[in-house]
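Here's the structure, in structure tokens; my notes come after.
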Amino acid sequence: YPSVIYYKNARLNSPWKDFPAKDARTIVEFKKRYKHLLVQGHYFKGLLAGSAYLYRKLFHK
């Protein structure tokens, strides 16, 4: 979607461009990840990320 263009441009011009993006670790990050994947049309990955989010949300200590 259009807002990703700004992120990609900033990442390409940052000192961290050669490092991979970090994986989701917190419940909020998993929620954002699965929503992002679904919007991007990556339905299977979005479903997996959504399942991971739901699992963490239900069984969070």
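Every read-out reported here was derived from the displayed coordinates using simple, explicitly stated rules and does not represent laboratory data. Computed from a predicted structure; not experimentally measured. No Cβ is skipped: glycine too gets one built from the backbone with ideal geometry, and neighbour counts run over all protein chains shown.
The table below gives the values:
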read-out	value
Label zone at Ser51 (point 7 Å along Cα-to-Cβ), backbone N below 20 Å, segment 1-33	23-33
Given charges at beta-carbon only (K, R positive; D, E negative), |dipole| of segment 19-59 in Debye	100 debye
Under 20 Å from Lys17, Cα to Cα: lysines that are on another chain or at least 8 residues apart	Lys8
Leading residue at positive end of dipole, the chain (Cβ point charges), from Leu48, Tyr7, Phe59	Phe59
Bins of 10 Å, starting at 0 and running to the largest distance - Cα pair percent for the chain	21, 41, 31, 8
Cβ-Cβ FRET estimate between His36 and Phe59, R0 fixed at 22 Å, reported to 0.05	0.45
